[in-house]
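Take a look at the structure set out below.
The values are calculated or read from the model by the stated rules, or taken from the named source; none is laboratory data. Everything numeric in this text was worked out from a predicted model, so none of it was measured. Here the Cβ positions follow ideal geometry from the backbone for every residue, glycine too, while neighbour counts run over all protein chains shown.
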């Protein structure tokens, strides 16, 4: 059994939203129930029990079955005509069921991880589970449309193996570059903007490629002039990648 603090915070927020929506829904249902006129007190009590059975996060409080007096006959009653019992109505308040809500909070952020590998500690199982994400990101990288693999048709298993070898090497270089950039961002206490414009020290290299758009090589009459259109933000990224990369961009 694993308890994740971050996952628990998210699950508790989701639970709070669910409780709020349930309160609004049950309030409307209680208002409708309070307007109903029941033929006898037992019918009203059964309606209360049926309503409470459907409640998961709320319960009724100060429930009272009120006797409704009036006249059964149509038209204006005669003078001094005594009122008689015409039915029963429910009067109650809807409140949070704190006990049930606390019970609902217990599993928030908890999940079960199982393995057939004997001798692994709970932390080792969790760390191995988290490593799956990097593997899945790798496969997503290989299947990215920018490689245009859907345009490559290979018939022999040997050529398919060769293509996969090239793709795997590309993935290796990609991950090394991403690790190197993130490591230097942490060491230099630097940040780059993410897709939402917020500072981050864990950008994907694919997003960094997007940030580097606009940089190009300038030529005049086939003569190389240098790399141009480098902004301050792009220059900072190049500096973080190291001296070899700076040489490629004529910055060293």
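Yes/no per residue for (1) in the same structural domain as residue 209 (by TED's automatic domain parsing); (2) modelled with pLDDT of 90 or more; (3) over 30 Å from the mean Cα position of the chain (by Cα); (4) surrounded by 15 or more Cβ atoms within 10 Å (Cβ to Cβ):
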{"residue": "134", "(1), (2), (3), (4)": "no, no, no, no"}
{"residue": "141", "(1), (2), (3), (4)": "no, no, no, yes"}
{"residue": "144", "(1), (2), (3), (4)": "no, no, no, no"}
{"residue": "173", "(1), (2), (3), (4)": "yes, no, yes, no"}
Residues of the range 26-47 being under 19 Å from residue 96 (Cα atoms) and surrounded by 15 or more Cβ atoms within 10 Å (Cβ to Cβ), which ones?
-> 26, 30, 33
Within the range 203-222, which residues are at pLDDT 90 or above and assigned to a loop (DSSP other than H, G, I, E, B)?
-> 203, 212, 213, 214, 215
Whichever residue in the range 178-202 is more than 28 Å from the chain's Cα centre (by Cα) and touching a residue at least 40 places away in the same chain (Cβ under 8 Å) and, among such residues, is farthest from residue 143 (Cα to Cα) = 188
Across the range 73-108, which residue is farthest from residue 39 (Cα to Cα) among those that are modelled with pLDDT under 85 and part of a strand (DSSP E or B)?
-> 84
In the set 69, 30, 15, which member is modelled with pLDDT of 90 or more and over 30 Å from residue 123 (Cβ atoms)?
-> 30
Is it true that some residue in the range 98-111 is without any contact (Cβ under 8 Å) to a residue 40 or more places away in the chain and surrounded by 14 or more Cβ atoms within 10 Å (Cβ to Cβ)?
-> no
